[in-house]
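Accompanying notes for the structure given below.
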Amino acid sequence: MTEVSINKQVKLSEHFTLGELCKTGVKTADGNIPSHVHIENLKRVCEWLEELRRRYNQQYVCENEERSVSPPELGGARGGLNEGMSGASSDHPAHTGTPPNLGGEINTDAPIIITSGYRSPELNRKVGGSPTSNHLTGCAVDIRVYGIEQAMRYAVILMDYADETKQDYDELLIERNKNGGYWLHFAVRPKENRRKTMFIQT
């Protein structure tokens, strides 16, 4: 039987690849391969992620550079690792540690780290996802954050963008697990977006 695979280097947007939005550490028989419809949905989400990335770097990272203070809430690795690192996935989105040590360098191009994107039905079952999850259609991503402060900043940027462009998202959830780790769940559907905005303790 021939193993089905995807071209992980295909760009969904300027800074996000198909591999990043489908990567998983969980083995599945189906290989977690999205359909063309799923890929179109992922591209739509990436449009929002690109705006989040741009505004976060502009409003917080560059601002910290001007004050010569290493930003405490950086969401990822050094700018030099952006390509292929806008979102390393683990299927365990909560991050309880501190940002990488930048060795005194100021990161003015911090990537957005995606921990879970598209999930096939098999993968979704294995990771304990909801049977109606937006991840199943490629409409949702989980975003790594370093604590509640960064999660709130990300959320505000996305809400402001929705207001300014008169667009709606389906879900914007700040989630926290029992170990104190936070992540941001964000979803955009092709239509019938509910603008569900919540804080959830899992």
Give me the residue from the range 1-26 that is acidic (Asp, Glu) and over 16 Å from Thr115 (Cβ atoms) and, out of that set, modelled with the lowest pLDDT.
Glu3
Among the residues of the range 173-201, what is the count of those that are exposed (fewer than 11 other Cβ atoms within 10 Å of the Cβ) and either in contact (Cβ under 8 Å) with a residue 40 or more places away in the chain or in a loop (DSSP other than H, G, I, E, B) (or both)?
5
For residues that are touching a residue at least 40 places away in the same chain (Cβ under 8 Å) and assigned to a helix (DSSP H, G or I), tally how many sit in the range 122-134.
4
Given the structure, is Val156 touching a helix residue (DSSP H, G or I) at 6+ places or on another chain (Cβ under 6 Å) and over 20 Å from Lys43 (Cα atoms)?
no
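Conditions tested, residue by residue: (1) touching a strand residue (DSSP E or B) at 6+ places or on another chain (Cβ under 9 Å); (2) basic (Lys, Arg); (3) on the phi > 0 side of the Ramachandran plot.
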| position | (1), (2), (3) |
| --- | --- |
| Asp142 | yes, no, no |
| Ile148 | yes, no, no |
| Ala151 | yes, no, no |
| Tyr169 | yes, no, no |
| Leu172 | yes, no, no |
| Asn179 | no, no, no |
| Tyr182 | yes, no, no |
| His185 | yes, no, no |
| Lys191 | no, yes, no |
Can you tell me which of (1) within 20 Å of Ser35 (Cα to Cα); (2) touching a Lys or Arg at 6+ places or on another chain (Cβ under 8 Å); (3) among the aromatic types (Phe, Trp, Tyr) is the one Trp183 doesn't meet?
(1)
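Can you tell me which residues in the range 160-172 are under 21 Å from Gly147 (Cα atoms) and in a helix (DSSP H, G or I)?
Step one: list which residues in the range 160-172 are under 21 Å from Gly147 (Cα atoms), which gives 160, 171-172.
Residue satisfying the conditions is Asp160 alone.
Any idea which residue in the range 27-38 is modelled with the lowest pLDDT, counting only those that are among the small types (Gly, Ala, Ser) and open to solvent by less than 60 Å² (accessible area, probe 1.4 Å)?
Gly31
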Reported set for the range 107-166 where residues are closer than 19 Å to Gly19 by Cβ and of a type in the set (Gly, Ala, Ser) is Ser116, Gly117, Ser120, Gly138, Ala140
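The values are calculated or read from the model by the stated rules, or taken from the named source; none is laboratory data. A quick note: this is a predicted structure, and the numbers were derived from the prediction, not measured. With ideal geometry, Cβ positions are generated from the backbone for all residues, glycine too; neighbour counts draw on all protein chains shown. Keep in mind that these areas ignore ligands, DNA and RNA; they rest on the heavy atoms of the full protein, side chains included. Shrake-Rupley method; radii C 1.70, N 1.55, O 1.52, S 1.80 Å.
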